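Asker: My questions will all concern the structure given below.
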2 protein chains.
Amino acid sequence: MTKAPTVYDVAADAGVSIATVSRVLRRPEDVRASTRERVMDSVRDLGYVPSGSARGLAARRTGALGLYFPGFDAMDDMGELSDLLADASPSYSFVDDVGAAPESHQFNLYFDEVLRGAELEAWRRGFALTVAVGRGGLAADAARDMAGRVDGLLVLAQSVPDAALEQLARRIPIVVLASAAHSGAFDSVTVSNHEGMHALTAHVIDDLGIRDIAYVAGPLDSPDDNDRWAGFESALLERGMDPGRVRLRRGEFTRASGRLAGAYLLASDAMPKAVICANDQMGLGVLDALNEAGIRVPQEVVVTGFDGIEAANLSSPRLTTVHQPMELVGRAAIQLMQRRLDDPEAEPASIRLPVKVLLRESSEGS
Amino acid sequence: MTKAPTVYDVAADAGVSIATVSRVLRRPEDVRASTRERVMDSVRDLGYVPSGSARGLAARRTGALGLYFPGFDAMDDMGELSDLLADASPSYSFVDDVGAAPESHQFNLYFDEVLRGAELEAWRRGFALTVAVGRGGLAADAARDMAGRVDGLLVLAQSVPDAALEQLARRIPIVVLASAAHSGAFDSVTVSNHEGMHALTAHVIDDLGIRDIAYVAGPLDSPDDNDRWAGFESALLERGMDPGRVRLRRGEFTRASGRLAGAYLLASDAMPKAVICANDQMGLGVLDALNEAGIRVPQEVVVTGFDGIEAANLSSPRLTTVHQPMELVGRAAIQLMQRRLDDPEAEPASIRLPVKVLLRESSEGS
DNA sequence: TCCAAGAGTGTATGCGCATACATTGCCGTT
DNA sequence: AACGGCAATGTATGCGCATACACTCTTGGA
C-alpha cells in the first residue's frame, strides 16, 4: 500500500500530459489508438485507480445515489473485534430447535427487496448506490451527510423529518418512496394500497359471500396503513356496510401483534367469518393464533394479509394476500431520479405501481 | 435548487474565514462558542451541505466503505420509465395462486443479511456504506471504480477476479468475506463450515445411527461447498467409512436443483436413510421431491441443509440445518476493516465465526 | 503549392474543502 | 512596562481530476 499513483504519475510514465490521461479514461475515442494503449499500459503497470473524490469535485457530480431507510430500532451490540479475534469459543454448538415458533424477520424483507431493485437499476445506469439506515434523532444529520456525497437521494417514507427533507431538496433531487403524503411536492413512488385492499375486500364480500369481517390495522402513523384502511372502508361503504361496526384491532405490523389480535378475536363472543389484516406479518400472527386454537382456516374463518412477503407463501395454510412489487418500487425510484437529473425543471411526478391480489388457501377451498 | 452554497458563502455570511467554518463543522471545540453559533446560524440559513467530494479530496479519506457482491445473473429488464409514468394499466389484478409451488428467493437472503450487518456496523463507526453487485465481465471495472471512492473494500468470495483483487489491494484495504482461500493474504471473515458440517454428520451417524447417507453438493467452484464437503468427509473417515462410496449429487445451490437431486435418489434402487445437503435451498428441494413422492421425513429419510435461512424454518417438516451468523459476518468484516484502517501494518487477520447446528423435525422425531 | 479545417495533444485553471502555518489579541508574570 | 504563552482566527496551499482553450501537425482541396 505505497502512495497511490495519480494522473500525474501515469502521465509521466506514459510520456503524455494529464489531460490525455484523463481523456483516455473518460472519452477514449478522442485519443489516438496508439496513445491510448500507451496510457492504458501505464495505468495497468502503476495500478492506477482514479480518485472518486477528485473526480466528483472536478466534474461536479459524484456518480452515486443515496438510499435512506428508516431504522431498525433494536440494535443490540455485538462484542468488539478483540473478542472475535481472540475468541476461543467452540466453532459450533448444537441447538435443539424442535417445535420452535416460527417468527420471521420483521419488516426487513421489504427493505431488502426495495434495496435490491434500486441497486440493480442504479448499476444499469452507471450509478453507485450508497445506503444508510436512519437512527432516530440523528436522522437529519445522517441524511445531510449523505446528501453531500451523492447526486440524488431516495428516501423511504417517514425516515427523515419533513423539515430536514425540504432543506435537502433545495440542494439535491429527492425521490420519496411509499408515501402518498408527499405527492406533489416531490417525485414519488407508491403502490396501489387503496385499490388492492379494495379489491381484496370486494372479493371477500362478493365472491366468498362474507359480511362478518374483522380488520387488523397497523400503526396510526403509517401512510400505507391509512391507504389500506381507506380501501377497505370504501369497499364496505359501496356495499352499504358500516365500517364503524367492523371489529378493529390495531397492531404493530409484527407477527406477535397479529397473534395478540387473533387471541383477542378468539376471546370475543363470536369469531368473524373473515379477518382482513393490514400486512402479512400480522396475518401470519392471526393464523398462528387460530391454528393453535384449532380453528380451521379458511373453512371457519378466512384470513388475508398484505405485502406478499415470502413467509406468507410458506405458511399453512398459505396466506391470501396482496403482493406489492417491492423490487419494482426500488427500480422505479431510480428511474424517476434519472429523469429528475436529466431535467431538473420537470414537474414532480408520481409513479403508482399496480399490486396483485394473490388468492391462496387461507381464503379459498384447498 | 439554486446554486449550492459553499464554505465561502457561509464564511461571508457569518463574517469569518473559511477555516473557521470548516473548524466549526469538524472540530467545534476549537472555536469560541459565540463564533460557533454565528456560523451555525449561517449554515442553517443558507442550507449549507458540505461537499463530500471536496472533503474527501482534502482529507484524503472519503468516510465510506464499499461492499462488493457477486451478481445475480438473471436480470430481466423492466419497462422504461415512460411506460411506468404513462401506464394506464389497471392498478391491481387477481392471481389464482392456489397450489403454487413454493420457490423462495435464491441466494439473496444470504447477501441481504450480510449487508444488513455491514450497514449496521459501518454506521456505528461513522462510515457510509456503498454497495455494488458484480456483473460478469465488468466486475473488475466496477470494483476499480468503487475502490476509487471508498476507504476500504469488503469483497465477497468469488465476486472479483483474484488478479484484480491484488491490484486493488495495493491501493486500499481489502477484507474478503466467506472465502477460506484467501486467508493469509487478506483480512478475512469466514464461518466454521467445516466444523459445522462435521458436527452435523457426526450427529447423523452417531446419534441417529444412520450410515446409509447421500450427499447433495453445490458447485465445484464454491469454497463454502468445498469446506462443507471436507467436514462431511472427515466425519466419515474418522468412523472408518468410505466417502468415495457415498452417493453424491451436485447441484447449483438452488431449490430446483435440490428437487432434481431428490428425484434422482428416488429413481435409484434404494433410498438412503439420510440426505445431507450442502445448503438449505437444495435441502428444501429434496424435501419437495420426497414429500411429493409420499416419502415420510424423517421416519424414512432424514434430510439436512446448511445456512439457516428463514425458509428452512418454515418448511414442513422444518429443516435441520447449520446456521451461519450471516449478519455477524457483515459486522465482523467492518470491524476487521476498522482495525486495518487504524493500523495499516497489522498482520492480516482472519475471523472464523461459530455456527449453530439447529436440530429440527427433518432429522428428529416430531 | 498554399491554406483551411480538423484531429490530436498540451496548458492552465478551478472544483470545495482541510489544514499547516502565520497572525492577532489577551492574560498573567516578572 | 515589557514579554512569553496560549487561545482564537486568518492566510495560503494543495488534494487529484475534468475541461475550456490554445496550440501543433496533418490532410485534402483549390
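Residue by residue, here is whether (1) modelled with pLDDT under 95; (2) among the hydroxyl-bearing types (Ser, Thr, Tyr); (3) within 24 Å of B:Ser91 (Cβ to Cβ); (4) open to solvent by 30 Å² or more (accessible area, probe 1.4 Å) holds:
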position: A:Arg228; (1), (2), (3), (4): no, no, yes, no
position: A:Ala235; (1), (2), (3), (4): no, no, yes, no
position: A:Glu252; (1), (2), (3), (4): yes, no, no, yes
position: A:Leu266; (1), (2), (3), (4): yes, no, no, yes
position: A:Ile276; (1), (2), (3), (4): no, no, yes, no
position: A:Asn279; (1), (2), (3), (4): yes, no, yes, no
position: A:Val302; (1), (2), (3), (4): no, no, yes, no
position: A:Gly305; (1), (2), (3), (4): no, no, yes, no
position: A:Ala312; (1), (2), (3), (4): yes, no, yes, no
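Asker: Out of (1) over 42 Å from the mean Cα position of the chain (by Cα); (2) within 18 Å of B:Asp141 (Cβ to Cβ); (3) within 9 Å of DNA strand C (Cβ to nearest atom), the odd one out for A:Val10 is which?
Answerer: In the conditions (1) over 42 Å from the mean Cα position of the chain (by Cα); (2) within 18 Å of B:Asp141 (Cβ to Cβ); (3) within 9 Å of DNA strand C (Cβ to nearest atom), A:Val10 misses (3) alone.
Asker: Moving on. Quick check on region A:110-123: of everything there that is open to solvent by 10 Å² or more (accessible area, probe 1.4 Å) and more than 8 Å from chain B (Cβ to nearest Cβ), which residue is nearest to A:Ile309 (Cα to Cα)?
Answerer: Looking at residues that are open to solvent by 10 Å² or more (accessible area, probe 1.4 Å) and more than 8 Å from chain B (Cβ to nearest Cβ), I get A:Tyr110.
Asker: Is it true that some residue in region A:338-348 is facing chain B (nearest Cβ under 7 Å), over 22 Å from B:Phe94 (Cβ atoms), modelled with pLDDT under 95 and not in a helix (DSSP H, G or I)?
Answerer: yes
Asker: Now for a different question. From the list A:Ala270, A:Ala278, pick out the single residue that is small (Gly, Ala, Ser) and touching a strand residue (DSSP E or B) at 6+ places or on another chain (Cβ under 7 Å).
Answerer: Working: A:Ala270 fails: touching a strand residue (DSSP E or B) at 6+ places or on another chain (Cβ under 7 Å).
Step by step, each of A:Ala270, A:Ala278 is checked, and only A:Ala278 is small (Gly, Ala, Ser) and touching a strand residue (DSSP E or B) at 6+ places or on another chain (Cβ under 7 Å).
Asker: How many residues, within region A:1-33, are within 14 Å of chain B (Cβ to nearest Cβ), open to solvent by 90 Å² or more (accessible area, probe 1.4 Å) and within 11 Å of DNA strand D (Cβ to nearest atom)?
Answerer: So the answer is 2.
Asker: So which of B:Val297, B:Val303 is more than 8 Å from chain A (Cβ to nearest Cβ), assigned to a loop (DSSP other than H, G, I, E, B) and touching a helix residue (DSSP H, G or I) at 6+ places or on another chain (Cβ under 6 Å)? Even if it seems obvious, please write down each step before you answer.
Answerer: Numbers: B:Val303 fails: assigned to a loop (DSSP other than H, G, I, E, B).
On inspection, the qualifying residue turns out to be B:Val297.
Asker: Of the residues A:Val98, A:Val133, only one is within 8 Å of chain B (Cβ to nearest Cβ), farther than 30 Å from B:Thr321 by Cα and at pLDDT below 85; which? Explain how you work it out, then say what you get.
Answerer: On the way: A:Val98 fails: farther than 30 Å from B:Thr321 by Cα.
Just one listed residue meets the conditions, A:Val133.
Asker: For region B:146-158, indicate whether the set of residues that are in a helix (DSSP H, G or I) and either of a type in the set (Val, Ile, Thr) or touching a residue at least 60 places away in the same chain (Cβ under 8 Å) (or both) is non-empty. Walk me through it before giving the result.
Answerer: Just the residues of region B:146-158 that are in a helix (DSSP H, G or I), to begin with: B:146-147.
Next cut, either of a type in the set (Val, Ile, Thr) or touching a residue at least 60 places away in the same chain (Cβ under 8 Å) (or both) only: B:146-147.
Yes - at least one qualifying residue is present in region B:146-158.
Asker: Considering (1) touching a Phe, Trp or Tyr at 6+ places or on another chain (Cβ under 8 Å); (2) surrounded by fewer than 24 Cβ atoms within 10 Å (Cβ to Cβ), say which one B:Arg211 fails and leave the rest.
Answerer: Failing condition for B:Arg211: (1).
Asker: Right, something else. Scan region B:192-204 residue by residue and report those that are open to solvent by less than 10 Å² (accessible area, probe 1.4 Å) and touching a helix residue (DSSP H, G or I) at 6+ places or on another chain (Cβ under 7 Å). Can you show your working first?
Answerer: Step one: filter region B:192-204 for residues open to solvent by less than 10 Å² (accessible area, probe 1.4 Å), giving B:192-193, B:196-197, B:199-201, B:204.
Passing the criteria: B:Asn193, B:Gly196, B:Met197, B:Thr201.
Asker: With respect to A:Ser192, is the statement that it is under 21 Å from A:Ile351 (Cα atoms) and not β-branched (Val, Ile, Thr) true?
Answerer: Values: under 21 Å from A:Ile351 (Cα atoms): yes; not β-branched (Val, Ile, Thr): yes.
Answer is yes for this residue.
Asker: Right, next: If we keep just the residues of region B:21-39 that are more than 8 Å from DNA strand C (Cβ to nearest atom) and β-branched (Val, Ile, Thr), which is farthest from B:Ala58 (Cα to Cα)? Talk me through it step by step, then tell me what you get.
Answerer: Our first condition is that a residue be more than 8 Å from DNA strand C (Cβ to nearest atom); within region B:21-39, this holds for B:24, B:28-39.
Checking which are β-branched (Val, Ile, Thr) leaves us with B:24, B:31, B:35, B:39.
Values: B:Val24: 16, B:Val31: 21, B:Thr35: 24, B:Val39: 21 Å.
Checking each candidate, the answer is B:Thr35.
Asker: Continuing with this model, one more query. Of all residues being within 7 Å of DNA strand C (Cβ to nearest atom) and surrounded by fewer than 18 Cβ atoms within 10 Å (Cβ to Cβ) in region B:40-71, which is nearest to the other protein chains (Cβ to nearest Cβ)? Just the residue, please.
Answerer: Selected residue: B:Ala54.
Asker: Would you mind telling me which numbered condition in (1) touching a residue at least 24 places away in the same chain (Cβ under 8 Å); (2) of a type in the set (A, V, I, L, M, F, W, C); (3) over 30 Å from A:Ser316 (Cα atoms) B:Met326 fails?
Answerer: Every condition holds for B:Met326 apart from (3).
Asker: Additional query: Condition first: more than 9 Å from DNA strand D (Cβ to nearest atom) and among the hydroxyl-bearing types (Ser, Thr, Tyr). Now tell me which residues in region B:34-66 satisfy that.
Answerer: Correct list: B:Ser42, B:Tyr48, B:Ser51, B:Thr62.
Asker: Right, here's the next one. Those residues that are open to solvent by 30 Å² or more (accessible area, probe 1.4 Å) and either over 30 Å from A:Ala64 (Cβ atoms) or not in a strand (DSSP E or B) (or both), I need them from region A:349-360; list them, please.
Answerer: Within region A:349-360, the subset open to solvent by 30 Å² or more (accessible area, probe 1.4 Å) is A:350, A:352, A:354, A:356.
Within region A:349-360, A:Pro354, A:Lys356 qualify.
Asker: Another question, if that's okay. Select, from B:Leu353, B:Leu328, the only residue that is under 15 Å from B:Ser188 (Cα atoms), out of contact with any Asp or Glu (no Cβ under 7 Å at 6 or more places or on another chain) and either aromatic (Phe, Trp, Tyr) or more than 7 Å from chain A (Cβ to nearest Cβ) (or both). I'd like the intermediate steps shown before the answer.
Answerer: Details: B:Leu328 fails: either aromatic (Phe, Trp, Tyr) or more than 7 Å from chain A (Cβ to nearest Cβ) (or both).
The match here is B:Leu353.
Asker: Residue pairs, Cβ under 6 Å, 6 or more apart or interchain, first in region A:108-130 and within 22 Å of B:Ala64 (Cα to Cα) and hydroxyl-bearing (Ser, Thr, Tyr), second surrounded by 24 or more Cβ atoms within 10 Å (Cβ to Cβ) and modelled with pLDDT under 90. List them.
Answerer: none
Asker: Within region A:274-286, track down each residue that is of a type in the set (A, V, I, L, M, F, W, C) and farther than 21 Å from A:Ile205 by Cβ. Please lay out each step first, then the result.
Answerer: Kept after step one, since they are of a type in the set (A, V, I, L, M, F, W, C), are these residues of region A:274-286: A:274-278, A:282, A:284, A:286.
Listed by number, the list holds a single entry, A:Leu284.
Asker: Also, quick follow-up: When region A:314-327 is examined, which residues are found to be modelled with pLDDT of 90 or more and not in a loop (DSSP other than H, G, I, E, B)?
Answerer: A:Thr320, A:Thr321, A:Val322, A:His323
Asker: Let me ask something additional. List pairs: first in region B:334-361 and under 15 Å from B:Leu154 (Cα atoms), second hydroxyl-bearing (Ser, Thr, Tyr) and surrounded by fewer than 17 Cβ atoms within 10 Å (Cβ to Cβ), Cβ under 8 Å, 6+ apart or cross-chain?
Answerer: B:Pro348/B:Ser183; B:Ser350/B:Ser183
The values are calculated or read from the model by the stated rules, or taken from the named source; none is laboratory data. Note that this is a predicted model, so its numbers are computed, not measured. Positions of Cβ are generated from backbone atoms using ideal geometry, with glycine treated the same way; all protein chains shown enter the neighbour counts. Just the protein is used for accessible areas: all its heavy atoms, side chains included, with ligands, DNA and RNA removed. Shrake-Rupley method; radii C 1.70, N 1.55, O 1.52, S 1.80 Å.
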